[in-house]
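The values are calculated or read from the model by the stated rules, or taken from the named source; none is laboratory data. Because the structure is predicted, anything quoted here is derived from the model rather than measured. Every residue, glycine as well, gets a Cβ built from its backbone with ideal geometry; the counts of neighbours run over all protein chains shown. Ligands, DNA and RNA are excluded from the accessible area calculation, which covers all protein heavy atoms including side chains. Shrake-Rupley method; radii C 1.70, N 1.55, O 1.52, S 1.80 Å.
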Amino acid sequence: MAATNPEALHREKQKKRVGLKELPNAEQGKVVLRFAPNPNGPLTLGHARGVSINSEYAKMYHGKVVLRFDDTDSKVKPPMPAAYDWIKSDYEWLTGTKADIIIRASERMPVYLDHAEQMLAGGFGYVCRCSATDFKKLRDGKDACPCRPRSIEDNLIDWKLMIEGNIAEGEAVVRVKTDMDLPNPALRDWPALRIQHSTHPMVGERYKVWPLLDFQSAIEDHQQGVTHIIRGKDLMDSTRKQTILYSHFGWTYPETLYWGRVKVHDFGGFSTSGMRTDIENGIYSGWDDARLPTLRALRRRGFNATALRAFWIDLGLTQKDISVSLQTIEAFNAKEIDANCERRAFVRNAVCLDLITEIDESNPGDIISISKHPDGAIEGSRIWNLGSRKILVEKQDAEIETIRLKDYADISNINGKAIVQSWDRSDKRPIVHWIPENMAREAELSIPHGMELRSVNGMIEDYELKIGQIIQLERVGFAKIESLTDDLPVKLIWLHS
RNA sequence: GCUCGUGUGGUGUAGUUCGGUCCAUCAUGUCGCCCUCUCGAGGCGACGACCCGGGUUCAAAUCCCGGCACGAGCACCA
């Protein structure tokens, strides 16, 4: 045997860093972050990343999160009045707290319009009356458009016409002056505000000129003292555009971090507008349809907010475009909820057997008690009455000759007769779940599976069932009790295994 | 086309700042074994990766150069 290097034995294995990376230039108590959704529907699993990461950083640095509704477009992505409250409650559900500051861009219009005027008066912005296509042509050739050199006075006159509603939509736009030689064409004299005469669901027809995201967001971040922006990397050019605007105003741009695109294999993308259309067309029953990746749907199915946050924080903040599996989220969820879920039996394709027992001194009798949770995480027992001498097992299990009825007895199963062979576990025969026939109640388990909703019928153990309760169906998986109506089967909604 | 960004096992991540302590972390997954009571649970174990090619160096996942692949932006959407 060769000599062992003692150092090699003591070498420490490297550890995985836990939690989020440090934020650059972050000072305890002074960090201000923001989460800025478009209120065109409730929050999705994708938004949950933004909410989780931002709120976690706020917690780490004892900072604040601004929840801002970016509702400055009423034509392409019109805001949904109901969505403001949905998002607020989705946010609260997920983080367990209210956002520190909540604002709507549409109520802050005077601020944006005022800054637009400052920009024009300062000569670093101008009103452009070229058509979008003409401008694009000029911009691609690094050529300034004819409106650019006009005087501040002329710009202010046009601006007045714009905000008074005297210029039609598409006829004018306010641009931020940049270097036309910028290598990135997307940045050259980018548009800051445009005309929209449509009715805004929150403020009506009060405003004729609306800021675009890059302008509105930049001004508002400064107003709120945002120190760190975390956004999708598709918005990298926004950062560059806004940095130019900030330097015009003499402000310092916040630290900016990015994440890549996320897909959850089982859902695909998270298009809110796509879901909205499908709901309107009756493909889905509503925003909480179990097949949808909305937070409300996930919550309805029994996903836990802490688990969802833990999942996103574990993923961390990287610029890679990723595709994750729902299975991973489910594993986080199972870990989180297991200790709180009572067990119940659910027998699909039930087969009824006659229970035959010999009277002997080890016979536990007709009243047996089974723990609500295998390792006692939940106290108490379920009390079963075997008085009817009839039991239900799954058809598949009934085809096996010798099985063990979980927590009861080893039996031989021949011709519909379950004959007790031993009370104690006597060999390695399979353990199956079962229920006394007189304690069984019909149930329907609804399982979302991609575009379809599968339904599995069976008999559930009717013991202390409560509506809204998440239980673990032994050997099947977690499910939530959706409805408990007399005379109707219990409705269960599938969570995961 | 122009601009920007990213490349670590099946998936996702740690490590990359300041090269060695990395025969590369953890989770999820898959497979196997165990189980005195969920074989869709639990326990244990195994599997599996630094995009490619050069270079610098005693030493590279880490630094340099060149490829390649993938993604995003180039909206009067967010």
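Worth a mention:
- Local net charge near A:K98, Cβ-Cβ under 9 Å (Lys/Arg +1, Asp/Glu -1): -1
- Alpha-carbon centroids, the range A:261-310 and the range A:114-150: separation in whole Å: 41
- Heavy-atom accessible area per residue - chain A, 1.4 Å, Å²: 48
- Candidate aspartates and glutamates for bridging to A:K241, where Cα separation is under 13 Å - those fewer than 8 sequence places away on the same chain excluded: A:D179, A:D189, A:D214
- By DSSP, the beta bridges lying fully in the range A:107-258 are antiparallel in about 75 percent of cases.
- Rounded, prolate or oblate (a/c below 1.5 giving rounded, otherwise prolate when a/b exceeds b/c) for the range A:381-497 by Cα gyration tensor: prolate
- Between the range A:155-216 and the range A:348-399, the Cα center-to-center distance that results, in Å: 72
- Protection proxy ranking for A:369-379, A:340-350, using the average of other Cβ atoms within 10 Å per residue and placing the highest first: A:340-350, A:369-379.
- Over 32 Å apart at the Cα level, from the set A:K59/A:K263; A:K263/A:K466; A:K98/A:K466; A:K64/A:K160, are A:K263/A:K466; A:K64/A:K160.
- Here is the size of chain A from its Cα atoms: Rg then Dmax, 31.1, 106 Å.
- Considering only A:T243, A:I467, A:L212, the residue lying farthest towards the positive end of the dipole of chain A is A:T243, judged by Cα position with unit charges set on Cβ.
- Three-way shape label, the range A:348-388, alpha-carbon gyration tensor, a/c 1.5: oblate
- Using alpha-carbon coordinates, inclination of helix A:152-163 to the longest axis of chain A, degrees: 40
- Estimated 222 nm signal from helices in chain A, with DSSP H stretches of n ≥ 4 weighted -39500 (n - 2.57), rounded to 500: -8500 deg cm²/dmol
- Prolate/oblate/rounded call for the range A:107-258, Cα gyration tensor, a/c under 1.5 rounded: oblate
- Using C-alpha pairs below 8 Å separated by at least 6 residues, the relative contact order for chain A is 12 percent.
- Charge tally around A:T178: other residues with Cβ under 14 Å, Lys/Arg +1 each, Asp/Glu -1 each, net +2.
- Apportionment of accessible area to carbon and sulfur, chain A, percent (1.4 Å): 49
- For chain A, share of DSSP beta bridges that run antiparallel, in % to the nearest 5: 65
- Using the Cβ of A:I157 as centre and a radius below 14 Å, the other residues enclosed give a net charge of -2, where K and R count +1 and D and E count -1.
- Each residue of the range A:286-291 was assigned a 3J(HN,Hα) from its phi angle through the Karplus expression (A = 6.51, B = -1.76, C = 1.60, θ = phi - 60°), giving x, 5, 9, 4, 4, 8 Hz with x at Gly and Pro.
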